[in-house]
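Asker: One structure is given below, represented as structure tokens, and several questions about it will come after.
The values are calculated or read from the model by the stated rules, or taken from the named source; none is laboratory data. Computed from a predicted model, the values in this text were never measured in an experiment. Please note: Cβ atoms are built from the backbone with ideal geometry, for glycine as well, and neighbour counts cover all protein chains shown. Just the protein is used for accessible areas: all its heavy atoms, side chains included, with ligands, DNA and RNA removed. Shrake-Rupley method; radii C 1.70, N 1.55, O 1.52, S 1.80 Å.
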Amino acid sequence: MRLANSDVVSLGAAVCVPGYSGVGGWTLTVTDGAVSGLSLERNGRHPPPWFKVAAAANCGQSGAPLVHRGAVVGIMNMATPRVLKKGLVQLPV
């Protein structure tokens, strides 16, 4: 898959997540959804680029590509406020 600049993704953009979800077992599954949130600039500083996605994603899809218009714009991951506060997770997009 080709990579795309994540700047092309806007709120409400259609995305899909391929992966081997815990629900499907060893079967490749693709779930469709939309970008429901974006990280924003605060006090002139850019936070790590995060998308909040309204797509069913299960444990087997961690590390799966987030696809928009046939190109990878992110990597699926789950982060909790505790992890983000400590700065343990940073996601290249």
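Asker: Name the single residue that is modelled with the lowest pLDDT among those in segment 1-26 being of a type in the set (Val, Ile, Thr) and in a loop (DSSP other than H, G, I, E, B).
Answerer: Residues of segment 1-26 that are of a type in the set (Val, Ile, Thr), as a first pass: 8-9, 15, 17, 23.
From the residues that got through so far, the ones that are in a loop (DSSP other than H, G, I, E, B) too are 9, 23.
Details: Val9: 85, Val23: 61.
So the residue we want is Val23.
Asker: Continuing with this model, one more query. If only one of Val72, Val30, Val67 is crowded, with 18+ Cβ neighbours inside 10 Å, at pLDDT 85 or above, part of a strand (DSSP E or B) and of a type in the set (A, V, I, L, M, F, W, C), which one is it?
Answerer: Details: Val72 fails: crowded, with 18+ Cβ neighbours inside 10 Å; Val30 fails: crowded, with 18+ Cβ neighbours inside 10 Å.
Among Val72, Val30, Val67, only Val67 is crowded, with 18+ Cβ neighbours inside 10 Å, at pLDDT 85 or above, part of a strand (DSSP E or B) and of a type in the set (A, V, I, L, M, F, W, C).
Asker: Sort out which residues of segment 33-64 are closer than 23 Å to Arg2 by Cβ, open to solvent by 50 Å² or more (accessible area, probe 1.4 Å) and modelled with pLDDT under 70, and write them in order of number.
Answerer: Result: Pro49, single match.
Asker: Give me a count of the residues in segment 75-93 that are modelled with pLDDT of 70 or more and open to solvent by 60 Å² or more (accessible area, probe 1.4 Å).
Answerer: Restricting attention to segment 75-93, the residues satisfying the condition of being modelled with pLDDT of 70 or more are 75-77.
If we keep only those that are open to solvent by 60 Å² or more (accessible area, probe 1.4 Å) too, we end up with 75, 77.
The number of residues fulfilling the criteria is 2.
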